[in-house]
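The values are calculated or read from the model by the stated rules, or taken from the named source; none is laboratory data. Keep in mind that what you see is a predicted model, and the values were worked out from it rather than measured. Neighbour counts run over all protein chains shown; Cβ positions are idealised from the backbone, glycine included. The area values use the complete protein model at the heavy-atom level, side chains included, leaving out ligands, DNA and RNA. Shrake-Rupley method; radii C 1.70, N 1.55, O 1.52, S 1.80 Å.
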Amino acid sequence: MAMLLILPGRNPTNIADLLEARLPGADVRIWPETGTREDIDFVVTWNHPEGELGTFPNLKGVMSFGAGVDHILADRSLPAAVPVSRVVDPVLAEDLREYLVGVVIAHRRRFHEYRESQRRMSWEPHRYTRASRVGILGLGRIGSTVARGFAALGFQVSGWSTGDKSLPGVSCHTGPEGLIAITAGADYLICLLPLTPATEGILNYSLFASMKRGSCLINAGRGAHLAEADLLDALDKGMLGAACLDVFREEPLPPDHPFWKRPEIIVTPHVSALTATETVTAQIAENYERIAEGLPMLHPVDRIRGY
Ligand code: NDP
């Protein structure tokens, strides 16, 4: 039995060391040094090359190194019977809540404009609106934490999910009518959906047309949720007033991308929440042991549903 870490662009030595300390005697390998592929029965991955997962004939489980699994499910070489799991980190949800509260309050109190005024040494007081309605697309582990956080600060919060939910202080909606109810009322619309065939491109012109004029879009889900040209169009037409984007179709955002130069768009480099190494290694170690014992992994994903 061997575990393979496929984490291109990272140095996973520290993670491998932590895993070996937790799992004495475990065979932990670091891609691309796979050794004999037949030995690998557990893969932990983040953005592996497509087609790689199908090359391990004895695979019993694949785990995402983060909360999202779209990069795993997009790999059609992965046999349908292999279970997939992900990291669920309460600290990650709290970090996202902090990022999103920070973005909303900074926008509401116009800090970015004062920064510009300060650069010109110009005393330019502005009125601020008490815009206070936050709509959250996705009320899962992260979205529900974020929704509770805004509600505790006195924001009017509405949220959207597939199934019915009941969260204190949050108006919960489902289905296409629920989506419109949220977009029409929100001053800030936050995307915290998983990327699935049903949600890809959901942040598009027709959704923007249903949003409150001058409202702000925040995408911390996945880059492919957003139709990028539609956002520029909606900003040009004043349908939206601003956007804050943490995730992009292509990361790093290419140097010639129009988002860099748009004053209404805040670009952050996929940093709204970072996976805590300790939490991840504990969950990887537990899943490795579970696979060895023939038990289901922690935090399994429904491969049909896509999250
Ligand atoms: P969960 O799987 O716990 O929650 C997903 C939520 O989205 C659920 O409430 C689900 O509804 C809802 N949902 C899924 N599909 C639809 C749909 N078609 N229509 C309406 N609602 C839908 O995921 P997490 O909260 O853990 O994470 C969400 C996403 O956040 C991740 O997949 C990832 O893309 C992103 N993320 C981004 C990070 C960043 O650094 N920017 C960091 C971590 C995560 P229901 O509850 O009814 O099933």
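For the stretch 1-45, name all the residues that are open to solvent by less than 50 Å² (accessible area, probe 1.4 Å) and acidic (Asp, Glu). Of everything in the stretch 1-45, just one residue is open to solvent by less than 50 Å² (accessible area, probe 1.4 Å) and acidic (Asp, Glu), namely Asp41. The set of residues in the stretch 13-31 being touching a residue at least 24 places away in the same chain (Cβ under 8 Å) and either farther than 16 Å from Asn287 by Cα or within 29 Å of the chain's Cα centre (by Cα) (or both) consists of Asn14, Ile15, Leu18, Leu19, Arg22, Val28, Arg29, Ile30, Trp31.
Quick check on my filter: what residues within the stretch 104-119 are part of a helix (DSSP H, G or I) and in contact with a Phe, Trp or Tyr (Cβ under 8 Å, 6 or more places away or on another chain)? Once the filter is applied, which keeps residues that are part of a helix (DSSP H, G or I) and in contact with a Phe, Trp or Tyr (Cβ under 8 Å, 6 or more places away or on another chain), the stretch 104-119 yields Val104, His107, Arg108, Ser117.
When every residue of the stretch 85-97 is checked against the conditions, at least one turns out to be at pLDDT 95 or above, in a loop (DSSP other than H, G, I, E, B) and touching a strand residue (DSSP E or B) at 6+ places or on another chain (Cβ under 8 Å). If you go through the stretch 55-69 and pick out every residue that is buried (at least 19 other Cβ atoms within 10 Å of the Cβ) and not in a strand (DSSP E or B), you end up with 6. Restricting attention to the stretch 100-118, does a residue exist that is within 13 Å of the ligand (Cβ to nearest atom) and open to solvent by 20 Å² or more (accessible area, probe 1.4 Å)? Within the stretch 100-118, one or more residues are within 13 Å of the ligand (Cβ to nearest atom) and open to solvent by 20 Å² or more (accessible area, probe 1.4 Å). Only strands (runs of 3 or more DSSP E) whose full extent lies in the stretch 200-307 are considered here, and the ones with at least 1 residues that are within 16 Å of the ligand (Cβ to nearest atom) and open to solvent by 20 Å² or more (accessible area, probe 1.4 Å) are 265-267.
Checking the stated criteria, Ile190 turns out not to satisfy the condition of being near the ligand (Cβ under 8 Å from one of its atoms), modelled with pLDDT of 95 or more, within 28 Å of His71 (Cα to Cα) and not in a loop (DSSP other than H, G, I, E, B). Remark: pairs (first residue in the stretch 69-84, among the polar types (S, T, N, Q); second residue at pLDDT 95 or above and buried (at least 17 other Cβ atoms within 10 Å of the Cβ); Cβ separation under 7 Å; 6+ apart in sequence or on different chains) = Ser77/Leu53.
When Gly175 is tested against (1) at pLDDT below 95; (2) near the ligand (Cβ under 10 Å from one of its atoms), just one condition goes unmet, and that condition is (1).
Residue count for the stretch 54-63, restricted to those that are touching a helix residue (DSSP H, G or I) at 6+ places or on another chain (Cβ under 7 Å) and in contact (Cβ under 8 Å) with a residue 24 or more places away in the chain: 4.
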